[in-house]
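Here's a structure for you.
The values are calculated or read from the model by the stated rules, or taken from the named source; none is laboratory data. Predicted model only: the values in this text are computed from it and were never measured. Glycine also receives a Cβ, built like all others from the backbone with ideal geometry; neighbour counts cover every protein chain displayed.
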Amino acid sequence: MKKILTVGLFILCFSIFAKAQVLSFLKEPAFKAGEKLDYRLRYGIISAATGQLSVSQTQRNGKNAFQLAAMGKTAGTFSVLYTVKNQYESFINEDNFLPYYYTENIKEGKYTRNDKVTFDQKTRTIVGNKGTFKSTVAQTFDLLSAYYFCRNLDLSSVKEGQLIQMTYFLNDEIASLGITYIGIEKIKTSLGTIECIKFSPAIKPGRIFKKNSQLFLWVTNDGNRIPVKAQVDILIGSVTLELTKASGLKYTLGQRASYSK
């Protein structure tokens, strides 16, 4: 359950990227300080965990910055069987949305981990718990900053079936993630029927996922670009992540913007 929760609550962070290129982004962010997003993770029909993402403003290195926060914890029966309480923070530049600093505080059963990561985007240097790392690309993200950056990408030239990638730092490793753009689809959510951009992030089969498992992610095709649903089949059953509440949005939910697909 530990890996399902960690991946499930935050797989929503990933969106469209171009490998080894400078990623273009919107001048004005799709989010603002005060935004809060609440999620529920279901294993089949059982509520397994809850999570929240939030945005506030602060200063970092003498400049205005966004402070991003995320938390996830087991709920209901799962909290009795296996207790998880994870917290994440990322401080990003308000102008280019790249991270300065990232922290993880992981508590999953008897397992604990505390990570602190510093990013120097100019020198492409990352300092983590296990030393200093060099990235080969101009933009390297952490888990949270990847999500918020991708909400601001220009998707106008992305075509159905296109596979693109991003570079991120996690667990003292620099890695890349590929995702396929599927198309536009309307789905029913707890907040109503919403037109969404549909993606399929790449996953690796193994202890959790089947050999032919596919992860699908639905992001609102509006000014906010918030993930409202993610779903994947696992070895036994399926896992679904759903948005349950959204407040402090920059745009009314469903309100299209000039950059909507």
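What tally of residues in region 105-134 results from selecting those that are surrounded by fewer than 14 Cβ atoms within 10 Å (Cβ to Cβ), on the phi > 0 side of the Ramachandran plot and outside any strand (DSSP E or B)?
Total meeting the criteria: 1.
So, of the residues in region 59-97 that are among the hydroxyl-bearing types (Ser, Thr, Tyr) and at pLDDT 95 or above, which turns out to be farthest from residue 153 (Cα to Cα)?
Ranking the candidates gives 88 first.
Still on this structure, I have one more. Within the set of pairs 6 or more residues apart or between chains, which connect a residue that is on the phi < 0 side of the Ramachandran plot inside region 176-194 to a residue that is assigned to a strand (DSSP E or B) and among the polar types (S, T, N, Q) with Cβ atoms less than 6 Å apart?
Within 6 Å, the pairs are 176/165; 176/167; 178/165; 180/200; 182/200; 186/193; 190/244; 194/220.
Further question on the same structure: Would you confirm, using the coordinates I've provided, whether residue 130 is within 22 Å of the chain's Cα centre (by Cα) and either touching a residue at least 12 places away in the same chain (Cβ under 8 Å) or closer than 24 Å to residue 39 by Cβ (or both)? Break it down stepwise before answering.
On the way: within 22 Å of the chain's Cα centre (by Cα): no; either touching a residue at least 12 places away in the same chain (Cβ under 8 Å) or closer than 24 Å to residue 39 by Cβ (or both): yes.
It is false that residue 130 is within 22 Å of the chain's Cα centre (by Cα) and either touching a residue at least 12 places away in the same chain (Cβ under 8 Å) or closer than 24 Å to residue 39 by Cβ (or both).
For region 67-104, how many residues are farther than 30 Å from residue 27 by Cβ and buried (at least 18 other Cβ atoms within 10 Å of the Cβ)?
Matching residues across region 67-104 total 7.
Within region 163-184, can you find the residues that are farther than 17 Å from residue 196 by Cβ, surrounded by fewer than 20 Cβ atoms within 10 Å (Cβ to Cβ) and polar (S, T, N, Q)?
165, 171, 176
Provide a single number: the residues in region 43-54 that are at pLDDT below 90 and in a strand (DSSP E or B). If you could, list the steps in order and put the result at the bottom.
Of region 43-54, the ones at pLDDT below 90 are 43-48.
Next, from what is left, pick out any that are in a strand (DSSP E or B): 43, 46-48.
Result for region 43-54: 4.
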